[in-house]
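Encoded as structure tokens, the structure appears first; notes follow it.
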């Protein structure tokens, strides 16, 4: 009986042979006892995990690990044991419950190959296909399931239909999945209830874009759900489905209902993040920013806080509040420096810093000593600013305005031909006469330039014959760009930002905290991200919470910087 209780006769035979040598007992009674312990451990795991479908409690995990270990002992010590088939199937089932899907597939495959005539061979193949699917290999799973699908009927027919539907759902064949789930719901209510088919049916309808049908299915599933945790999970699904259906206010209200029940800070932070994303997509930037700020307050120092703070920084940047955006993006990096969100925050902070830098140079707020003529320095900076706005901010309209401003203000600048060309190129076709005017002005005032020839091509006019070196870039322009000072890397300001947070904490606690740079000189700290220094995990690791009255909420001070 693979996977079930062993026959009583096996235990009796073992009892009658108590006087045989110990070496034989290892392969006989020893296997019985070990398999008994393995099966008991698996049953304990099932009992401890009952009602917790979406997560495995630590005690249940430990039981499944014991079951896998004991089963492995039988197979290693006595692969020819009469319990080998039971142990191998139990090993695969234990590994599957531990979500070690690749190892589970290996165990089930060994069972099918070694015991093809076993009464449990079909079950092992079904479980193998399921582990393949859960492990992300739907194509192989479908191949493994095919013999069972072809067999048609049998005691596993419902399981096979369910697994085929789940495969269809995972591979985008939503209509087939919906039909299979509907069949299960109609023909086998008991099986459907045990396997949460109504929930899978709702997910299939949702994936197919049938939002109203999905919401109806969620409602039907919820009617028979009494567990508070399950109902909360269902409410999350409903809120997300409402958002997909563009029923924004209903989605937000459903999320608020979950928050009113007092979920954990981790879940609450995730909900506020999703609310922020919904509000941001509908253009309500101010409300979205409030939701993102709440995430940082609830889950400071985590990846989700970094994600939310990154989004808040992007909102400020899109609104043109570049200085604010820079500070918020640096905060996003500080929340979780080793995450992909921090990588994005760092890259975007540097882009914002470049825009701010060239804007200050273009306005004359900072002198450029390496370029003697102020107008030449400002026009060079203005051209670079327009390029950054176009490339980093992806705003062709604003970039076109900046190129036009350069052409108007700096008539003698060597950048003027390029600025006129860029102004003309960025004009929407047929909708901006100013763009065409810029191209014609370029041809009229600078007829023998590469930029004028580009304008002719854009206007469909003939282009004169030119020598080979005509289109070479003027060395003066490259020299001017090189002469502009580079923007300071904002990541070097991290220590300054941490100093403010440390001072805020000191004021709150009535302590005197030395500034980070003072402690650097004492060898106590290297700020993360300094060029040429890697930084240890302790220096850049999990931050400790600190309040910052004037800065964005949720700011953190790295553990290495604690007083």
Boolean, residue 151 is within 27 Å of the chain's Cα centre (by Cα) and over 30 Å from residue 79 (Cα atoms)
no
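Got a sec? Which of 469, 486, 453 is under 30 Å from residue 344 (Cβ atoms) and either out of contact with any strand residue (DSSP E or B) (no Cβ under 6 Å at 6 or more places or on another chain) or part of a helix (DSSP H, G or I) (or both)? If you could, list the steps in order and put the result at the bottom.
Values: 469 fails: under 30 Å from residue 344 (Cβ atoms); 453 fails: under 30 Å from residue 344 (Cβ atoms).
None of the others qualify; the one that does is 486.
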When residues of the range 413-438 are limited to those that are over 19 Å from residue 478 (Cβ atoms) and outside any helix (DSSP H, G or I), the one modelled with the lowest pLDDT:
430
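Determine whether the range 366-379 contains at least one residue that is within 38 Å of the chain's Cα centre (by Cα) and farther than 16 Å from residue 481 by Cβ.
Within the range 366-379, the first condition is being within 38 Å of the chain's Cα centre (by Cα), and the residues that meet it are none.
Looking for residues that are within 38 Å of the chain's Cα centre (by Cα) and farther than 16 Å from residue 481 by Cβ, one finds none in the range 366-379, hence no.
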When you scan the range 352-364, do you find a residue that is assigned to a loop (DSSP other than H, G, I, E, B) and either modelled with pLDDT under 95 or within 30 Å of residue 402 (Cβ to Cβ) (or both), even just one?
yes
Does the range 113-139 hold any residues that are without any contact (Cβ under 8 Å) to a residue 24 or more places away in the chain, in a helix (DSSP H, G or I) and over 17 Å from residue 161 (Cα atoms), and which are they?
113, 121
Among the residues of the range 362-396, write down those that are touching a residue at least 24 places away in the same chain (Cβ under 8 Å), closer than 23 Å to residue 442 by Cβ and surrounded by fewer than 19 Cβ atoms within 10 Å (Cβ to Cβ).
375, 396
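Looking only at helices (runs of 4 or more DSSP H) that lie completely in the range 191-303, which have at least 1 residues being surrounded by fewer than 16 Cβ atoms within 10 Å (Cβ to Cβ) and over 22 Å from the mean Cα position of the chain (by Cα)?
Working: elements: 197-207, 211-223, 228-244, 248-260, 265-281, 285-298.
Passing ranges, in order: 211-223, 228-244, 248-260, 285-298.
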Leading residue by the ranking (surrounded by the fewest Cβ atoms within 10 Å (Cβ to Cβ)) among those in the range 92-102 that are under 19 Å from residue 39 (Cα atoms) and without any contact (Cβ under 8 Å) to a residue 40 or more places away in the chain:
100
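The values are calculated or read from the model by the stated rules, or taken from the named source; none is laboratory data. Keep in mind that this is a model prediction, so the values were computed, not measured. Cβ sites come from the backbone with ideal geometry, for glycine too, and all protein chains shown count toward neighbours.
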